[in-house]
Amino acid sequence: MRILLLIDGACEPANDAERADPGLVDAVGVVRTQVRLQKLDFWLRNPDYLADELLTEYEQSGEEPLLSLAASILSSEEPEVRRYPMLRHHFGAYEPLDNALAVLRSAGLVARRRRGTVDRVRQHDYFLLEAGRTIAREVIQQAPVFSYYVERVQLVVALADGLGGSQLKQRQYLQREYAEAARGERIGSVSTRARERLARLRTQRGQDGIRVGDHGQG
């Protein structure tokens, strides 16, 4: 269900040429490349990394809502309770999606298409079918607990806005724990470091506010 909600929230509209494929006539959206899907899923499965990226965005933009969002994650048990570690692969975070996708495909909710040649597949694209969107909406209504994933997917997609799969991979490699994980091992948490960073930024923000206030009184 996590993968279905991720594809539903992250997909862009399928075009007419793609829907000309007999198996895609009812395609409503597509997530292009397995790399992008894997990298988005990494942030969805690792709230600590997601929160730390929000702190980076806050430092660059100064937008208070980013700090508040990061704080709401790091001040809770979400980084521990909602964390599903991924393996470090040759191209970064990776977890086989075949089983989950096989269930979605067999149910007629999602379709996959390969691009390339018989000898070399260049790209996998994941299409959300009309039935998949319908099920995603029904599940949220019938089991509100899944709204967590809807909210987090929106946040992950906004964070990845304008970035392709390779760019997301490069960004995630900037995290020391991610880059230094041994191949085939699970990527470690950054929750402790992210919480310490949040505390520093809150202190800094408070100090800046005091200085501004003092200056105004002077």
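Overview of results
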read-out: Members of the stretch 1-59 found to be of a type in the set (Val, Ile, Thr), in contact with a Phe, Trp or Tyr (Cβ under 8 Å, 6 or more places away or on another chain) and part of a helix (DSSP H, G or I), listed by number; value: ILE7, VAL35
read-out: Residue within the stretch 106-121 that is at pLDDT 95 or above, of a type in the set (Lys, Arg), open to solvent by 50 Å² or more (accessible area, probe 1.4 Å) and farther than 20 Å from SER147 by Cβ present; value: no
read-out: Residue under evaluation ALA158, criteria (1) small (Gly, Ala, Ser); (2) assigned to a loop (DSSP other than H, G, I, E, B); (3) out of contact with any Leu (no Cβ under 9 Å at 6 or more places or on another chain), criterion not met; value: (2)
read-out: Residues (open to solvent by less than 20 Å² (accessible area, probe 1.4 Å) and either among the basic types (Lys, Arg) or assigned to a strand (DSSP E or B) (or both)) located in the stretch 129-146; value: LEU129
read-out: Cβ pairs under 6 Å, 6+ apart, first in the stretch 157-183 and small (Gly, Ala, Ser), second in a loop (DSSP other than H, G, I, E, B) and crowded, with 16+ Cβ neighbours inside 10 Å; value: GLY165/THR33; ALA181/ILE187
read-out: Flag for TYR149 being surrounded by 14 or more Cβ atoms within 10 Å (Cβ to Cβ), more than 21 Å from LEU6 (Cα to Cα) and within 17 Å of the chain's Cα centre (by Cα); value: no
read-out: Residues of the stretch 51-92 satisfying the condition of being buried (at least 21 other Cβ atoms within 10 Å of the Cβ) and either among the acidic types (Asp, Glu) or within 23 Å of PHE127 (Cβ to Cβ) (or both); value: ASP52, GLU53
read-out: Hey, TYR126 open to solvent by less than 50 Å² (accessible area, probe 1.4 Å), under 20 Å from LEU74 (Cα atoms) and among the hydroxyl-bearing types (Ser, Thr, Tyr) or not; value: no
read-out: Where a residue in the stretch 10-30 is closer than 21 Å to TYR149 by Cβ and its partner, wherever it lies, is open to solvent by 80 Å² or more (accessible area, probe 1.4 Å) and not β-branched (Val, Ile, Thr), with Cβ under 7 Å and at least six apart; value: VAL28/GLU130; GLY29/GLU12; GLY29/PRO13; VAL30/GLU12
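The values are calculated or read from the model by the stated rules, or taken from the named source; none is laboratory data. Just so it is clear, the structure is predicted and the values come from calculations on it, not from any experiment. Note that we place each Cβ from the backbone using ideal geometry, even for glycine, and neighbour counts take in every protein chain shown. Surface areas here come from the heavy atoms of the whole protein model, side chains and all, with no ligands, DNA or RNA. Shrake-Rupley method; radii C 1.70, N 1.55, O 1.52, S 1.80 Å.
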